[in-house]
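Take a look at the structure set out below.
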Amino acid sequence: MTAGLPAEDGPVLPALAHLVAGYLNTAPEALPADANLVHLGLGSLEVMRLVGRLRKAKIPAEVRDLAAQPTLAQWTRYLLGLSPAEDIAASLS
């Protein structure tokens, strides 16, 4: 499991890690929670895809907010400020 976040962050971090790992063609376990995803190869198109997916689930994420803090840990905290963990995780799976 990706390290770096407390257990109360529930299913969001693993769901994000799984989705981003697919974009990067790597294993979710290979993505540290505090790694800069842009430096690992995540591009703006993938961020836009992620935001589109979240918006379809009525989660009002913004590309600029994710781009400003491109780590799984920061994205998890940001998304948990927008919606319940279960809704976020469901939209990502």
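The values are calculated or read from the model by the stated rules, or taken from the named source; none is laboratory data. The shown structure was predicted, so the numbers you read here are calculated from the model rather than taken from an experiment. Don't worry about glycine lacking a Cβ; one is built from the backbone with ideal geometry, like all the others, and counts go over all protein chains shown.
Which one is farthest from Ile88 (Cα to Cα), of the residues in the range 49-62 that are in a helix (DSSP H, G or I) and within 12 Å of the chain's Cα centre (by Cα)? Top of the filtered list is Arg49. When residues in the range 31-54 are screened for being hydroxyl-bearing (Ser, Thr, Tyr) and surrounded by 13 or more Cβ atoms within 10 Å (Cβ to Cβ), 0 of them pass. Output the residues belonging to the range 28-48 that are part of a helix (DSSP H, G or I) and closer than 13 Å to Leu13 by Cβ. Pro28, Glu29 - these are the residues of the range 28-48 that are part of a helix (DSSP H, G or I) and closer than 13 Å to Leu13 by Cβ.
Condition first: in a helix (DSSP H, G or I) and either touching a Ser or Thr at 6+ places or on another chain (Cβ under 9 Å) or modelled with pLDDT of 95 or more (or both). Now tell me which residues in the range 1-19 satisfy that. Of everything in the range 1-19, those that are in a helix (DSSP H, G or I) and either touching a Ser or Thr at 6+ places or on another chain (Cβ under 9 Å) or modelled with pLDDT of 95 or more (or both) turn out to be Asp9, Val12, Leu13, Pro14, Ala15, Leu16, Ala17, His18, Leu19. When the range 68-93 is filtered for residues that are surrounded by 15 or more Cβ atoms within 10 Å (Cβ to Cβ), aliphatic (A, V, I, L, M) and in contact (Cβ under 8 Å) with a residue 24 or more places away in the chain, the ones remaining, listed by number, are Leu72, Ala73, Leu79, Leu80, Ala85, Ile88, Ala89, Leu92.
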